[in-house]
Amino acid sequence: MVPSVQISEGSRSVSTGVTLQVNICYPRPELDSKKLAILLHPWSWLGGSMHEPTLKVLTRLLQDKNYYVIRYNSRGVGKSSGWPSLTGKAEGEDLKALVQDFLAEKPEIDSLTVIGYSYGSLIASLHPVLNPNVKTSHILLSYPISPRGLLTMFHAGMYTLALRDILCNPDARLLLIYGDKDEFTSKSKYDEWVDTLRRTDGLKAKFDVVPVMDANHFWQSDGARTALQQAIDSWIS
């Protein structure tokens, strides 16, 4: 059973000049939580928002694990101010600013898990590893490797370098999860990409990959969502 939590809905102004619509779940104070998870939604141009059902499923899982959990609408989405960028660079800076603001508010936090879904996984990969004070983990769900160039106005190289920075950091932990029936990236393309990542020169991170059988990009079936929850639960435990 999910512990009772305090849920805050509102907005936060960050140093990049935008105000972000946020949903924050606070664990009960007596649990003395030191863990923060922040979830990033799919591409807003196709209707992605912090209310995406898969992110809500993961929020409940993380609540059960006594995390502070933040979901938010990226710039220009819902009640968040500003305009979406074409490259994702500005969204990456917003993410960093939001994390830093929350860590300043809760200095006891010593564990950060950044979870990005679809386009959100691109933005999540731009967040640096905060070693040595805050153990940083990245979970990239349904990373859109095939359409990445189109989604980022052909700035795929920026995301390749960001992943390399994570993979070459000995303090990093990286989990990739994808469905073998993804509509945008074939299983063979994922397998080829993962093989390339595993051969990264200087690979030092803890790097795990979980392909989920019969799961599509949208994680719509009960079986796919159960497998997704189990994979993340096992990895963060």
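The values are calculated or read from the model by the stated rules, or taken from the named source; none is laboratory data. Note that the structure is predicted; figures quoted are calculated from it, not measured. Virtual Cβ from ideal backbone geometry, glycine too; neighbours counted across all protein chains shown. SASA here: full protein model, heavy atoms, side chains in, ligands and nucleic acids out. Shrake-Rupley method; radii C 1.70, N 1.55, O 1.52, S 1.80 Å.
Remarks
- Residues (under 14 Å from residue 109 (Cβ atoms), open to solvent by 20 Å² or more (accessible area, probe 1.4 Å) and among the hydrophobic types (A, V, I, L, M, F, W, C)) located in the stretch 128-141: 130
- Residues located in the stretch 28-60, provided they are in a loop (DSSP other than H, G, I, E, B), modelled with pLDDT under 95 and over 29 Å from residue 85 (Cβ atoms): 28, 32
Per-residue answers, yes or no, for (1) open to solvent by 20 Å² or more (accessible area, probe 1.4 Å); (2) touching a residue at least 40 places away in the same chain (Cβ under 8 Å):
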residue: 148; (1), (2): yes, no
residue: 163; (1), (2): no, no
residue: 175; (1), (2): no, yes
residue: 186; (1), (2): yes, yes
residue: 189; (1), (2): yes, yes
residue: 218; (1), (2): yes, yes
residue: 233; (1), (2): yes, yes
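- Filter pass, residue 144 being open to solvent by 10 Å² or more (accessible area, probe 1.4 Å) and either touching a residue at least 40 places away in the same chain (Cβ under 8 Å) or not charged (D, E, K, R) (or both): no
- No other residue among 112, 86, 95, 61 is of a type outside the set (Asp, Glu), out of contact with any helix residue (DSSP H, G or I) (no Cβ under 8 Å at 6 or more places or on another chain) and touching a residue at least 40 places away in the same chain (Cβ under 8 Å) apart from 86.
- Here the stretch 32-74 is the region considered, the condition is being of a type in the set (A, V, I, L, M, F, W, C) and open to solvent by 60 Å² or more (accessible area, probe 1.4 Å), and the residue that is nearest to the chain's Cα centre (by Cα) is 43.
- Number of residues in the stretch 133-145 that are touching a strand residue (DSSP E or B) at 6+ places or on another chain (Cβ under 7 Å) and not hydroxyl-bearing (Ser, Thr, Tyr): the value is 6.
- Verdict on residue 11 being open to solvent by 20 Å² or more (accessible area, probe 1.4 Å), part of a strand (DSSP E or B) and on the phi < 0 side of the Ramachandran plot: yes
- Identification of helices (runs of 4 or more DSSP H) wholly contained in the stretch 146-237 with 1 or more residues that are touching a strand residue (DSSP E or B) at 6+ places or on another chain (Cβ under 9 Å) yields 156-167, 187-198, 222-236.
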